1. Every residue in the range 66-90 that is under 16 Å from LEU145 (Cβ atoms), in a loop (DSSP other than H, G, I, E, B) and either modelled with pLDDT of 95 or more or among the charged types (D, E, K, R) (or both), please.
2. Which of the numbered conditions does ILE97 fail, given that it passes all the others? Conditions: (1) of a type in the set (A, V, I, L, M); (2) more than 13 Å from the chain's Cα centre (by Cα); (3) at pLDDT 95 or above.
3. Kindly provide the set of residues from the range 95-134 that are buried (at least 16 other Cβ atoms within 10 Å of the Cβ), under 25 Å from GLU18 (Cα atoms) and either out of contact with any helix residue (DSSP H, G or I) (no Cβ under 6 Å at 6 or more places or on another chain) or charged (D, E, K, R) (or both), ordered by number.
4. I'd like the full set of residues that are part of a loop (DSSP other than H, G, I, E, B) and under 12 Å from LEU20 (Cα atoms), limited to the range 48-65.
5. Take the residues in the range 26-47 that are among the acidic types (Asp, Glu) and without any contact (Cβ under 8 Å) to a residue 12 or more places away in the chain, then tell me which one is farthest from ASP142 (Cα to Cα).
6. Being more than 20 Å from ARG95 (Cα to Cα) and either out of contact with any Pro (no Cβ under 7 Å at 6 or more places or on another chain) or free of Cβ contacts under 8 Å to residues at least 12 places away in the same chain (or both) is the requirement here; does TYR50 meet it?
7. Under the condition of being hydrophobic (A, V, I, L, M, F, W, C) and assigned to a strand (DSSP E or B), which residue from the range 120-144 is farthest from the chain's Cα centre (by Cα)?
8. Being of a type in the set (Gly, Ala, Ser) and modelled with pLDDT under 95 is the filter here; which residues of the range 32-64 pass it?
Amino acid sequence: MAWELYEFKNLTVLELYEMLKLRVDTFVVEQHCPYPELDDLDQQSIHLAYRENGEILAYARLVPGEIKYGVPSIGRVIVSQDARGRGLARELVQRSIDFIFTEWRSAEIRLQGQLYLKGFYQSFGFDPISDVYDEDGIPHLDMKLKKTDAGTVKSKE
């Protein structure tokens, strides 16, 4: 059982395949949403994955600030169907937040969240900054989190 951070250039072909398969299985197949999963952001991003018994069970993509929004963002947040309900999503998002605030020293993080996850992201301190909009047939909203003077924001339990 291990959490690992990967730069794209250091991913093996098998690791990249596993990450992309999990993303497609979740966002395209499970959610019945055909969309362009490969968007040219992976090569410049940090990939955070949780592996157990050789299988990736949780994954998020951390996009540097200069790439998409002008501030770092968290995206492609996934927990495999078989591993849901174990708290991995909460740990995944917290680790993503901690990395961005600590390693990239950003004062803000953005994300595009599916509307049904609004309360989940708000539990970490994210606030909506857009109206609800349709993204590939699924309601989304943009959210942001600002770093507090006390340090990294911790999730609300």
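The values are calculated or read from the model by the stated rules, or taken from the named source; none is laboratory data. What you see is a predicted model; the values in this text were computed from it and never measured. All Cβ positions, even for glycine, are placed from backbone atoms using ideal geometry, and neighbour counts span all protein chains on display.
1. Across the range 66-90, the qualifying residues are LYS68, VAL71, PRO72.
2. Failed condition: (2).
3. Hits for the range 95-134 are ARG95, SER96, ILE97, PHE99, ILE100, LEU111, GLN112, GLN114, LEU117.
4. none
5. Our first condition is that a residue be among the acidic types (Asp, Glu); within the range 26-47, this holds for 30, 37, 39-40, 42.
So of that shortlist, the ones also without any contact (Cβ under 8 Å) to a residue 12 or more places away in the chain come out as 39-40.
Numbers: ASP39: 18, ASP40: 20 Å.
Applying the filter and picking the extreme gives ASP40.
6. Numbers: more than 20 Å from ARG95 (Cα to Cα): no; either out of contact with any Pro (no Cβ under 7 Å at 6 or more places or on another chain) or free of Cβ contacts under 8 Å to residues at least 12 places away in the same chain (or both): yes.
Answer is no for this residue.
7. ILE138
8. Within the range 32-64, just GLY54 meets the criteria.
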